[in-house]
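Everything below concerns the one structure shown next.
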Amino acid sequence: MFAARPAARPSSANPVRRIALTIAAASSLAAVPTLAQTNPVDPNGPPTPLVTGDTVTVAVAGAWLPDYEGSNDYSLTPGPAAIGTLGGISFQVLGNRASVDLIADAPTSRWDFQAGPVGLVNFNRTSRKGIDDPRVKALPTTSTALELGGYLGIGKSGIITSDYDKLSVAVSYRYDVTGVHDSGVLQPSVSYYTPLSLKSAVGIFASAEKVERAYGRTYFDVRPQDVATSGLPAFRTRGGWKNYVVGFAGTYALTGDLLHGFKVIAGGTYKRMLNDFGDTPIVSIAGSRNQWLGAVGIGYTF
């Protein structure tokens, strides 16, 4: 009996304005699950992989995303992704986020221990171009922030549907090293992926973000001096839990199987803005607490 066991180690997935992290979620599911076969000698032993070694998947997709975090206006944006394993080390470059899992687990292990660096380029409201709402467009723009940090996680295969499904939990922390918002972002996440056949796989995932006060004041405040130009009431944001996200992803091999060739990927998320981040006029008046994202694209596995 053949099934697929994900070789790439997913870190948290956080959708951020204009760069398709929804694509990232779908791509991480689509990204080369390793074929495996039940050990014919010892049926109670660990699975013996049919294919091991280096593998890389690249993908590009069109994503329907909010104009900014908290917007109720949407636009179609292209986004890239790359994910794979080289020399036993897994990596992800997913839209504006990159991570590396520095722990090389044994190919036959059911446990996946994850730890490594993570980075994110935050483009939220860095330009008025692409923002439809005139009130938000009248607010000052922000600079591009580079958030660097690390993550820890653990995954286990053989949870529910077969020996080759996988449940993972992780937590990451990033800090802005460019001084734009000069604060940190804590992000716990959980994901579950399962193969349906050699050609298809599906997954669900959830995450949340807790941010420090300076983050909220950079992206969600309405300053008194901006009231006249924007028409929005003044608002001062505190730190805390900013949002939660739930989503799904799926992939289907168009040529060969999930190990090689072209595949179609698709995914979607629902994000709910919380606390002050939902109450700010940028969201509650000019936007929406409910954020929807979706993506469809093509990937290729080498």
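The values are calculated or read from the model by the stated rules, or taken from the named source; none is laboratory data. Just so it is clear, the structure is predicted and the values come from calculations on it, not from any experiment. No Cβ is skipped: glycine too gets one built from the backbone with ideal geometry, and neighbour counts run over all protein chains shown.
For Ser191, the conditions (1) within 14 Å of the chain's Cα centre (by Cα); (2) over 25 Å from Ala170 (Cβ atoms) are fulfilled apart from (2). Pick from Leu139, Leu152: which is at pLDDT 95 or above and over 20 Å from the mean Cα position of the chain (by Cα)? None of the others qualify; the one that does is Leu139.
Within the range 249-282, being farther than 30 Å from Pro224 by Cβ and acidic (Asp, Glu) holds for one residue alone: Asp257.
Okay, residues lined up against (1) loosely packed, with under 15 Cβ neighbours inside 10 Å; (2) at negative phi; (3) modelled with pLDDT of 90 or more:
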position: Thr77; (1), (2), (3): no, yes, no
position: Pro80; (1), (2), (3): no, yes, no
position: Leu86; (1), (2), (3): yes, yes, no
position: Val93; (1), (2), (3): no, yes, no
position: Asn96; (1), (2), (3): no, yes, no
position: Ile103; (1), (2), (3): no, yes, yes
position: Ala106; (1), (2), (3): yes, yes, no
position: Trp111; (1), (2), (3): yes, yes, yes
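Scanning the range 211-220 turns up one or more residues that are in contact (Cβ under 8 Å) with a residue 40 or more places away in the chain, of a type in the set (Phe, Trp, Tyr) and surrounded by 18 or more Cβ atoms within 10 Å (Cβ to Cβ).
Restricting attention to the range 127-173, which residues are within 20 Å of Thr77 (Cβ to Cβ), without any contact (Cβ under 8 Å) to a residue 24 or more places away in the chain and surrounded by fewer than 18 Cβ atoms within 10 Å (Cβ to Cβ)? Scanning the range 127-173 gives Ser127, Arg128, Lys129, Thr141.
When the range 224-248 is limited to residues that are free of Cβ contacts under 8 Å to residues at least 60 places away in the same chain and in contact with a Pro (Cβ under 8 Å, 6 or more places away or on another chain), the one that is surrounded by the fewest Cβ atoms within 10 Å (Cβ to Cβ) turns out to be Pro233. When every residue of the range 81-94 is checked against the conditions, none turns out to be of a type in the set (Gly, Ala, Ser), within 23 Å of Met273 (Cα to Cα) and touching a residue at least 40 places away in the same chain (Cβ under 8 Å).
I want to confirm something. Restricting to the range 249-264 and keeping residues that are in contact with a Gly (Cβ under 6 Å, 6 or more places away or on another chain) and of a type outside the set (A, V, I, L, M, F, W, C), which single residue is surrounded by the fewest Cβ atoms within 10 Å (Cβ to Cβ)? The residue in question is Thr255. Residue count for the range 255-302 under the criterion of being over 24 Å from Phe205 (Cα atoms), touching a residue at least 40 places away in the same chain (Cβ under 8 Å) and touching a strand residue (DSSP E or B) at 6+ places or on another chain (Cβ under 6 Å): the result is 6.
Going by the conditions given, is Gly119 surrounded by 17 or more Cβ atoms within 10 Å (Cβ to Cβ), within 23 Å of Gly247 (Cβ to Cβ) and in contact with a Leu (Cβ under 6 Å, 6 or more places away or on another chain)?
Yes; evaluated as a whole, the condition is true for this residue.
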